[in-house]
Amino acid sequence: MINSKNNVQRVESVIYTDDAIRREYGKVTDYSIRSVGSPSKDESTQPIYFYKVKITGEKNYGVVKLLINEDKNNGKPVYSMEIQDIGSTNFCIRIGNN
């Protein structure tokens, strides 16, 4: 079974090293774990944990859902990721006529 405390370290590792996150958000400047859960009813067959993580990067901010699972063959943790929300941190205020 994957320890939940170890998963938090894995979440941090994914956030700072995943190429898709870097492409969408730029360099991550801040993150917070918004929710944690274990959707599996029978953890003996398939331990799985999910995390919704709010990310702020140099280009964008948004929410990513991470699923952390044990590989059935070797017992090592694997993850899948779904980018759920993206908003731009770039904004412009125009006053008057241009």
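Could you list, in sequence order, all residues of region 45-55 that are buried (at least 17 other Cβ atoms within 10 Å of the Cβ) and among the hydroxyl-bearing types (S, T, Y)?
Y49, Y51
Among the residues of region 31-41, how many are over 11 Å from V53 (Cβ atoms) and either part of a strand (DSSP E or B) or at pLDDT 90 or above (or both)?
Number satisfying all stated conditions: 1.
Out of region 67-95, which residues are surrounded by fewer than 10 Cβ atoms within 10 Å (Cβ to Cβ), charged (D, E, K, R) and either outside any loop (DSSP other than H, G, I, E, B) or at pLDDT 75 or above (or both)?
If the condition is that a residue be surrounded by fewer than 10 Cβ atoms within 10 Å (Cβ to Cβ), charged (D, E, K, R) and either outside any loop (DSSP other than H, G, I, E, B) or at pLDDT 75 or above (or both), then D71, K72, K76 are the ones that fit.
Can you give me the number of residues within region 1-19 that are modelled with pLDDT of 90 or more, exposed (fewer than 12 other Cβ atoms within 10 Å of the Cβ) and of a type outside the set (S, T, Y)?
1
The values are calculated or read from the model by the stated rules, or taken from the named source; none is laboratory data. All of these numbers come straight from a predicted model, not from anything done at the bench. Note: ideal-geometry Cβ built from the backbone for every residue, glycine included; neighbour counts use all protein chains shown.
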